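The next block holds one structure in the form of structure tokens; read it before the comments.
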């Protein structure tokens, strides 16, 4: 049986993609302001925790984790993770236009290949069907 997703479940998958993409981009922006952190200057991580971009990124990643857990509660990991792979495109676009990063053709090709794999996953069921256990059918093991 193929599982169809309700509009609410599509919104959860969208929340997973957007919160991780924007959250990671905000962390990158904040850490670029903080500067390099080395094993000899781990105190800079405490300074980074005061950066508003880092704080915002962490908050969005908490939202990501909550929406990701929600998605995993009704779908297989092998469905959820690839289904949210379009987030890689969002991250690349944010990096290019907001962070002004140069993205090589090889990176774009890699992102394209990852996203194309979503098509294979999307055609399958969101949840693996398992035969009912005898105890779930009201039968007790002797």
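The values are calculated or read from the model by the stated rules, or taken from the named source; none is laboratory data. Values in this document were obtained by computation on a predicted structure and should not be read as measured data. Neighbour counts are summed over all protein chains in view; Cβ atoms, including those assigned to glycine, are modelled from backbone coordinates with ideal geometry.
Of the conditions (1) within 30 Å of residue 126 (Cβ to Cβ); (2) in contact with a helix residue (DSSP H, G or I) (Cβ under 6 Å, 6 or more places away or on another chain), residue 10 fails just one. Which one is it?
Condition (2) is where residue 10 drops out.
Return the only residue of 35, 43 being without any contact (Cβ under 8 Å) to a residue 12 or more places away in the chain, touching a helix residue (DSSP H, G or I) at 6+ places or on another chain (Cβ under 8 Å), loosely packed, with under 12 Cβ neighbours inside 10 Å and farther than 16 Å from residue 13 by Cα.
Working: 43 fails: touching a helix residue (DSSP H, G or I) at 6+ places or on another chain (Cβ under 8 Å).
One residue alone meets the criteria, 35.
Taking the range 48-62 as the region of interest, how many residues are surrounded by fewer than 18 Cβ atoms within 10 Å (Cβ to Cβ) and within 11 Å of residue 22 (Cα to Cα)?
3
Name the single residue, out of those in the range 67-82 being over 11 Å from the mean Cα position of the chain (by Cα) and surrounded by 14 or more Cβ atoms within 10 Å (Cβ to Cβ), that is modelled with the lowest pLDDT. First the steps, then the outcome.
From the range 67-82, those over 11 Å from the mean Cα position of the chain (by Cα) are 70, 72-79; that's our starting set.
Imposing the further condition that a residue be surrounded by 14 or more Cβ atoms within 10 Å (Cβ to Cβ) reduces the set to 70, 72, 74-76, 79.
Values: 70: 96, 72: 93, 74: 90, 75: 89, 76: 88, 79: 84.
Among those that are over 11 Å from the mean Cα position of the chain (by Cα) and surrounded by 14 or more Cβ atoms within 10 Å (Cβ to Cβ), it is 79.
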